[in-house]
Each structure stands twice: as C-alpha cells, then as structure tokens.
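Colleague: Please read through the structure below; I'll follow up with questions.
Read the figures in this text as sums done on the coordinates, not as results from a lab. This one's a predicted model, so the numbers in the text were calculated from it and none came from an experiment. Don't worry about glycine lacking a Cβ; one is built from the backbone with ideal geometry, like all the others, and counts go over all protein chains shown.
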Amino acid sequence: MRQGRDFIARHGETVFNAAARLQGDAPHTPLTRAGFAQADTIGAALRVELGVSPRLELWASPTDRALQTLAIVAEHLGLDWHAVRTDARLVEIGTGSWGGRSYADVAAEHGGSIVRADGALVAAPDGETYPMIAARVGGWLSDSDAPGDRLVVMHGISSRVMRGVMTGLPNDPELGAPIAAGLPQGSVVMIEGGRETVIHHGSGRAPA
C-alpha cells in the first residue's frame with residue numbers, strides 16, 4: 001500500500017467534448033470556457049482540502065487538456081506548474097480509427113451505441129483494450145511509487161481504470177479490467193490506503 005494520498009482529477013471540458021467527438025489519446029484538444037471553469041472548481045476544492053503551497057507532487061497526462069487544467073489548479077494551490085511531471089502512460093484510451101469522429105457517426109456505423117449505460121466506452125476494433133490500459137497505468141503506479149501526496153490530472157476512462165486498480169476492484173466481466181464509477185469532467189477524488197473519497201463532483205458531462 002502506497003504511503004501517501006493520491007488526488008486524481010479529470011480534466012475540464014474540451015472542444016471535442018463540446019462537439020461530441022471521440023478524442024481518445026489525441027494530444028491537442030484545448031479546453032472550452034466551461035472546461036476552464038471546471039478546472040477552477042477543482043483548484044478551489046483542493047485549496048480547501050490542502051491549503052496553500054501544500055507538499056504535493058504534480059503529475060499529468062502530457063496532453064494539452066490535462067496540462068491546461070493543471071495550470072489553473074496549481075495557481076489555486078500556489079504551486080509551480082513548471083514542476084509538473086508528465087508520463088504518456090496517463091493518457092486517455094486509444095480510440096484508433098474512431099479518433100476525431102463524432103459519437104453519432106461511429107455508433108451508426110457500429111450498429112448500436114458505443115457507450116455503455118455506465119459511461120464506459122466500447123473499445124474500437126483497432127484501438128486500445130481495457131486490459132492494455134490497466135497494464136500501462138499499473139506500470140506507472142509501480143514506477144512512481146514513492147511516499148508523499150501527489151496530484152494526477154488525467155482523463156475519464158483511463159482514470160477510471162487506474163482508480164479501479166488502486167482500490168482493488170475486480171475485473172469488469174465485459175471489459176476484462178477493473179473500472180471505477182464514472183465521474184463528470186472537473187471531478188477530483190482522493191485515494192488513501194486503497195480507499196476512495198470524492199473531493200469534488202464536477203459539473204461536466206458524466207459519466208465516462
């Protein structure tokens with residue numbers, strides 16, 4: 001069990017989210033005004049929880065949307081955004097040839113919804129599977145296992161899998177990997193000792 005608290009945040013709304021397009025691991029999808037406002041609420045919630053200038057290691061997916069969200073959060077906390085560490089293993093699910101296309105078009109081509117009732121995305125035929133996500137986020141957890149509190153800004157699906165791994169959830173029988181409950185954009189949870197607490201329930205689209 002890791003010695004420290006993990007604050008895991010889902011980035012704010014992006015232009016792809018607003019247009020109902022699959023963005024997956026696309027690196028350059030900037031936040032909307034609503035997305036910046038959601039990042040503000042994450043920062044405000046964490047400032048209440050942690051105070052100003054907390055001892056907190058900063059981590060993020062290397063995507064624009066995660067780094068933009070973190071910039072706003074770091075300002076609230078009085079922390080230096082330039083201290084952030086990024087890792088490609090924190091990116092969103094890879095959506096293969098579905099990436100950039102509208103949900104509606106892909107669903108019509110697929111012959112049915114590509115989003116489950118719980119918000120989990122169906123894996124694209126040439127995309128990343130859930131066991132693959134679990135393997136990469138598990139590798140990051142193993143490699144970054146050091147004492148102390150940290151903040152990780154990442155994505156809807158990949159954070160759900162990582163939260164599932166960290167809290168010891170069983171594999172979803174359909175997806176083949178653990179997956180935690182979906183939370184809206186702009187949400188942040190705390191995981192300590194394998195137990196999860198929602199610090200802030202965001203106002204974005206949910207779940208995913």
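Colleague: Can you say what percent of the DSSP beta bridges in the chain, counting only those with both residues inside, are antiparallel? Round to 5.
Modeller: 50
Colleague: Quote the FRET efficiency, to the nearest 0.05, computed for M1 versus D64 with a Förster distance R0 of 25 Å and r equal to the Cβ-Cβ distance. Mind showing how you got there, number by number?
Modeller: Working: r = 33 Å, r/R0 = 1.34.
So the FRET efficiency works out to roughly 0.15.
Colleague: Now a separate question. Between region 159-208 and region 60-138, what is the separation of their alpha carbon centroids in Å?
Modeller: 13
Colleague: Quick one: length gained pulling A20 to E174 fully straight, 0.36 nm per residue minus the C-alpha distance?
Modeller: 53.0 nm
Colleague: Could you tell me which label, among (1) 0.96; (2) 1.17; (3) 1.09, carries the value of Cα Rg over 2.2 N^0.38 Å calculated for this structure?
Modeller: Computing Cα Rg over 2.2 N^0.38 Å and matching it to (1) 0.96; (2) 1.17; (3) 1.09 gives (1).
Colleague: I've got another one for you. Could you go through region 182-196 in sequence order and give the Karplus-derived ³J(HN,Hα) for each residue, using 6.51 cos²θ - 1.76 cosθ + 1.60 with θ = phi - 60°, rounded to whole Hz, and x for Gly and Pro?
Modeller: These are the phi-based 3J(HN,Hα) values: x, 10, x, 4, x, 8, 9, 10, 10, 10, 9, x, x, 10, 9 Hz.
Colleague: What percent do you get for the relative contact order of region 58-208 when only Cα pairs under 8 Å and 6+ apart count?
Modeller: With pairs under 8 Å counted, the relative contact order is 22 percent.
Colleague: Which order do the peptides 98-105, 78-85, 173-180, 39-46 come out in when sorted by mean C-beta neighbours inside 10 angstrom, highest first?
Modeller: Packing order, densest peptide first, comes out as 39-46, 173-180, 98-105, 78-85.
Colleague: Right, something else. Taking the Cβ of F36 as the centre, find all other residues whose Cβ is under 12 Å away and add up their charges (Lys, Arg: +1; Asp, Glu: -1).
Modeller: Net local charge, F36 excluded: -1.
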